[in-house]
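Reading through the structure tokens given below for one structure.
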Amino acid sequence: MKDFHYIETAESATALLKPFRLELLKRLDEPRTCVELAEVFGQTPQKIYYHVKALEKAGVVEKVSERRARAIMEGVYQASARSYWLAPQLVGAVGGQRAAQDQTSLRVLLSLAEEMQAEIGKLGRDSEAGRDVPSLSLSGEVYLPDASRRAEFMREVQELMQALARQYGLPGDAQTDGATGESFRIVLACYPKQER
């Protein structure tokens, strides 16, 4: 069982996002047959089989073995992952075109977070396949008492990002042309912290 499964297609999302199927998926944290699930849910094995096959087709459930029960072979199914990550583009944007030119817009921040989630979800598959995925995450809090300090902070953050780009180069710069290595994306987000 993988740590997580990244769902990118609308068909897979539609198959999964039904309350009964989500409950089935929770019960498939360990291998079970449709007959066993039918007993848990008080349903017929045929109804359970229908939903399990839909989940299997969506890639979120796997047939892990078969066993003979009386005169028939019975499939044993298990969830393919411990958690599931829905690609942000499947949710859809509300409110039309995002105001990309406004760097302080919450819409732009949300769009960037969606892009980052999608990219990290794809990198997760590389990690599951045993490939090394170098990454780093930092988180912190600052206190900005008034608007003048916020403007000063924003200016310093922009200067820091520009300095990093100048020091390490951007893809396509003269210092990176023909060089071997990897490109990394740096994302810095700043937003008001909500009190718990």
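Observations
- Single unsatisfied condition, Ala13 versus (1) modelled with pLDDT of 90 or more; (2) in contact with a strand residue (DSSP E or B) (Cβ under 8 Å, 6 or more places away or on another chain); (3) assigned to a helix (DSSP H, G or I): (1)
- Pair list, Cβ < 7 Å and 6+ apart or interchain, from segment 35-57 residues that are closer than 11 Å to Gly75 by Cα to residues that are in a helix (DSSP H, G or I): Val35/Pro45; Tyr49/Cys34; Val52/Leu24; Val52/Cys34
- Scanning segment 52-64 for residues that are within 29 Å of the chain's Cα centre (by Cα) and at positive phi turns up at least one hit.
- Of all residues in segment 12-38 being among the acidic types (Asp, Glu) and surrounded by 13 or more Cβ atoms within 10 Å (Cβ to Cβ), the one that is farthest from Gly59 (Cα to Cα): Glu36
- Scanning segment 122-145 for residues that are among the aliphatic types (A, V, I, L, M) and part of a loop (DSSP other than H, G, I, E, B), we see that the one that is modelled with the highest pLDDT is Val142.
- Index of the failed condition, Tyr84 passing every other in (1) touching a strand residue (DSSP E or B) at 6+ places or on another chain (Cβ under 8 Å); (2) without any contact (Cβ under 8 Å) to a residue 60 or more places away in the chain: (2)
- Tallying residues that are of a type in the set (D, E, K, R), part of a helix (DSSP H, G or I) and in contact with a strand residue (DSSP E or B) (Cβ under 8 Å, 6 or more places away or on another chain) within segment 27-78 yields 1.
- Residue match in segment 39-50 (condition: surrounded by fewer than 17 Cβ atoms within 10 Å (Cβ to Cβ) and hydrophobic (A, V, I, L, M, F, W, C)): yes
- Unmet criterion (only one of (1) buried (at least 16 other Cβ atoms within 10 Å of the Cβ); (2) in contact with a Ser or Thr (Cβ under 8 Å, 6 or more places away or on another chain)) for Asp3: (1)
The values are calculated or read from the model by the stated rules, or taken from the named source; none is laboratory data. This is a predicted model, so every value here is computed, not measured. Cβ sites come from the backbone with ideal geometry, for glycine too, and all protein chains shown count toward neighbours.
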